[in-house]
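Structure first, then comments.
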Amino acid sequence: MAKELGVLGVFSITLGTTLSGGIFLLPGLAAEEVGAGIVLSYLLVAVPLIPSMFSVVELATAMPRAGGPYYFLDRSLGPLVGTIGGLGTWLALMLKTAFALVGIGYYLQLFFPDVSVVAVALLLALLVGGINLLGARKTTALQIGLSFGLLGILLWFLGTGLPEVDAARFMAIAEGGFDRILATAGMVYVSYIGVIKIAAVAEEVENPMRNLPRGVFSAIGVSMVIYLGVTVTLVGVLPLDELRGNEVAIARAAEVVSGLVGRLLMTVAALMAFAATANAGILSAGRYPYAMSRDRILPEFFGWSRSDGTPLAGVLVTTALVMLFLVSFDPSKIAKLASAFQLLLFSLLNLAVLVMRESRIESYDPGFRSPLYPWMQLVGLLTPLWLIGEMGWLPILFTLLLVGTSLVWYREYVASRIERDGAVFHVFERLGHRRYAPLETELRAILREKGLKDTDPFESVVARAGFLDISHVASFEDVVWLASEVMSRHVGQSPEWLREAFLEGTRLGATPVQSGIALPHVRVPELEEPYLVMVRVRDGVPVQAPPTAWSLAGEPQMVHALFFLASRDDDPGLHLRLLAELAEQLDQPDFLIRWQNAESEQQLKALVLRKDRQLRVALTPDSPANELIGRRVREIELPANVDVALIRRENQTIEPHPDTLLQEGDELLLIGDPAAIRKLAERWVAPAEAE
């Protein structure tokens with residue numbers, strides 16, 4: 001799938017889907033249960049929400065895949081639980097979307113009393129479904145506009161409404177009783193389904209390890225503040241008799257404070273909120289059947305997609321089912337039952353984090369790790385179950401019906417079509433039972449796809465790598481010995497120890513070999529920084545290929561480029577990310593030809609470095625960088641995140657030091673942040689050279 005969502009898109013989808021029914025429909029329904037206690041109910045939601053939010057973001061940054069929660073549950077707890085989570089969440093999201101579309105009709109009736117709520121909802125479902133067929137980029141542009149327009153109006157409402165709050169109205173805040181306040185908290189929990197929605201489109205997020213935590217945490221933080229302010233304003237401005245059961249309570253409160261203008265603005269805000277929820281609802285819900293089809297949990301038809309990955313079948317079927325729900329029953333009543341299943345889902349997602357952590361799969365490498373593990377997850381696991389118990393028999397029955405239907409589907413359709421287990425079997429392995437090895441391979445592929453963390457020292461590892469240029473060598477073992485001698489001077493281990501570690505890894509099939517390139521690697525105890533040795537063997541050397549999809553088992557390949565990597569043994573995630581990035585950079589068209597033809601160590605390293613994070617600067621009298629001639633390295637004005645990695649002088653490659661004097665004819669290799677590199681290129685590289 002195309003990665004088209006940045007941090008602003010993540011923030012907008014999460015915020016827009018969170019600030020909808022929870023503000024514009026549910027407060028009046030909640031007040032019918034607990035009166036002024038709705039303020040406490042909305043506050044109590046934070047107890048199960050915060051652990052679940054941390055767990056969802058951890059899982060999404062580790063496994064950014066379409067269908068989010070379904071994929072997390074399937075790969076952690078196995079396909080049976082994945083089927084329950086996938087089908088149940090798909091249904092819950094569709095109900096919430098139908099709920100939002102109906103909400104638009106309620107608010108339009110404030111000005112057009114004769115309008116048909118269902119007819120409006122059906123037309124909007126068609127419109128939103130059509131927009132989603134255009135892809136995530138077009139959908140997100142609409143989402144950003146709706147979300148920020150909504151946020152602006154809500155901030156205006158709080159600015160005008162909070163000063164008018166009558167504190168005496170809060171004297172009855174606990175009259176409903178704690179049990180009813182808890183039950184109502186469970187009901188309004190559906191307001192925070194935005195966390196699930198953004199996880200469902202995680203595969204389409206650019207740099208998910210950075211953008212998902214930033215976007216989700218900021219959106220949920222803003223939403224919690226808005227919810228608190230809105231419920232306080234509603235209770236403090238409206239008499240309880242007018243608040244209870246009022247489906248457009250916030251519009252009435254705005255009218256009390258600001259007259260007709262207030263009612264009009266809040267109607268516009270409600271339309272924005274429900275449109276944003278419906279838009280993001282179909283965007284995320286459509287990814288569930290697509291993801292389940294890829295895993296054979298649903299028929300292949302649901303995997304039909306456009307070339308950019310937009311799940312056409314998923315969007316079309318989701319839109320059709322939403323329309324069916326609109327004409328078949330009252331979504332405003334049924335959608336409230338979806339809160340119970342959402343609570344169950346969040347409980348299972350906390351369990352999924354416990355399983356993934358305890359499985360100790362090295363390729364499970366989230367960009368964000370939940371704090372206070374495992375206590376945070378244990379609270380997140382148990383409190384949703386407690387809230388479900390407080391909600392009454394009908395939500396529990398609805399949840400059990402969803403689970404039962406999913407179990408029947410798994411038994412009758414799924415079980416005979418798949419052979420897959422989850423990470424839970426890696427936990428069992430620690431107790432003497434079996435594991436599911438293919439999961440590690442799948443997570444390694446995801447790791448390569450995610451790329452590096454911003455703090456990973458890939459450029460510096462390549463820049464200071466050792467280098468050997470060999471014309472001919474008798475055997476792979478000889479190359480390993482030469483590389484081990486170079487590496488031993490930097491990693492605190494003897495050449496003999498390193499040689500045996502590299503050879504053992506190759507014998508076990510752990511050395512990737514592909515297209516004339518090999519990546520032997522080891523993990524070294526108490527190593528401070530990763531170290532790399534690059535070896536060019538011009539005539540080639542035969543290396544045994546591992547039994548993977550890269551080559552046939554037992555078939556040696558002639559290798560011309562070898563990259564020996566040593567990393568810390570206590571940070572397997574960093575080791576795997578560096579390996580994955582090396583493989584990504586080496587898997588370029590004509591890499592081996594350019595590798596063989598490179599004239600210097602600096603040119604060879606430039607082939608491996610990421611293109612947007614390096615800059616070659618020639619110091620000649622007529623170049624824009626001639627001002628640097630005669631200066632020492634420490635005298636160059638460089639941004640804090642840019643370094644001089646290497647200096648090419650005549651036929652030598654020099655490792656720079658602060659006092660190194662730059663001379664005419666030198667060529668500098670700079671590495672650093674892409675934005676800073678671009679600015680330096682504009683300053684020191686002639687346009688013709690840049691091209």
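Structure summary
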| read-out | value |
| --- | --- |
| Identity of the residue in region 660-687, over 37 Å from the mean Cα position of the chain (by Cα) and small (Gly, Ala, Ser), that ends up nearest to residue 639 (Cα to Cα) | 686 |
| Candidate set from region 2-37 (those that are in contact with an Asp or Glu (Cβ under 8 Å, 6 or more places away or on another chain) and within 27 Å of residue 60 (Cα to Cα)); member that is surrounded by the most Cβ atoms within 10 Å (Cβ to Cβ) | 5 |
| Residue within region 327-349 that is assigned by TED's automatic domain parsing to the domain that holds residue 247, touching a helix residue (DSSP H, G or I) at 6+ places or on another chain (Cβ under 9 Å), among the β-branched types (Val, Ile, Thr) and surrounded by fewer than 24 Cβ atoms within 10 Å (Cβ to Cβ) present | yes |
| Of all residues in region 103-128 being modelled with pLDDT under 85 and under 27 Å from residue 401 (Cβ atoms), the one that is surrounded by the most Cβ atoms within 10 Å (Cβ to Cβ) | 103 |
| Any hit, region 641-652, residues being of a type in the set (Lys, Arg), over 41 Å from the mean Cα position of the chain (by Cα) and at pLDDT below 90 | yes |
| Residue check for residue 472: modelled with pLDDT of 85 or more, assigned to a loop (DSSP other than H, G, I, E, B) and exposed (fewer than 14 other Cβ atoms within 10 Å of the Cβ) | yes |
| Residue that is modelled with the lowest pLDDT [pool: residues in region 283-324 that are among the polar types (S, T, N, Q) and not in a helix (DSSP H, G or I)] | 307 |
| Among the residues listed as 504, 485, the single one being more than 30 Å from residue 647 (Cβ to Cβ) and without any contact (Cβ under 8 Å) to a residue 40 or more places away in the chain | 504 |
| Count of residues meeting criterion [surrounded by 15 or more Cβ atoms within 10 Å (Cβ to Cβ) and modelled with pLDDT of 80 or more] in region 545-564 | 7 |
| Verdict on residue 75 being among the basic types (Lys, Arg), over 30 Å from residue 268 (Cα atoms) and in a helix (DSSP H, G or I) | yes |
| Region 156-170, residues that are assigned to a helix (DSSP H, G or I) and in contact (Cβ under 8 Å) with a residue 12 or more places away in the chain | 156, 157, 158, 160, 161, 162, 164, 167, 169, 170 |
| Residue list for region 436-489, filter: among the charged types (D, E, K, R) and under 30 Å from residue 73 (Cβ atoms) | 440, 442, 444, 448, 449, 450, 453, 454, 456 |
| Residue in region 196-206 that is surrounded by fewer than 17 Cβ atoms within 10 Å (Cβ to Cβ), free of Cβ contacts under 8 Å to residues at least 12 places away in the same chain and either farther than 24 Å from residue 247 by Cα or touching a helix residue (DSSP H, G or I) at 6+ places or on another chain (Cβ under 6 Å) (or both) present | no |
| Which listed residue, of 250, 220, is within 26 Å of residue 120 (Cβ to Cβ) and in the same structural domain as residue 47 (by TED's automatic domain parsing) | 250 |
| Any hit, region 257-267, residues being surrounded by 24 or more Cβ atoms within 10 Å (Cβ to Cβ) and within 22 Å of residue 197 (Cα to Cα) | no |
| Checklist (1) surrounded by fewer than 21 Cβ atoms within 10 Å (Cβ to Cβ); (2) touching a Pro at 6+ places or on another chain (Cβ under 6 Å); (3) polar (S, T, N, Q) applied to residue 484, failing item | (1) |
| Any hit, region 578-591, residues being farther than 27 Å from residue 451 by Cα, surrounded by fewer than 14 Cβ atoms within 10 Å (Cβ to Cβ) and more than 26 Å from the chain's Cα centre (by Cα) | no |
| Selection status of residue 502, of a type outside the set (A, V, I, L, M) and modelled with pLDDT of 95 or more | no |
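The values are calculated or read from the model by the stated rules, or taken from the named source; none is laboratory data. Keep in mind it's a predicted model, so treat the numbers as computed, not measured. Glycine gets a Cβ as well: all are built from the backbone with ideal geometry, and neighbour counts include every protein chain shown.
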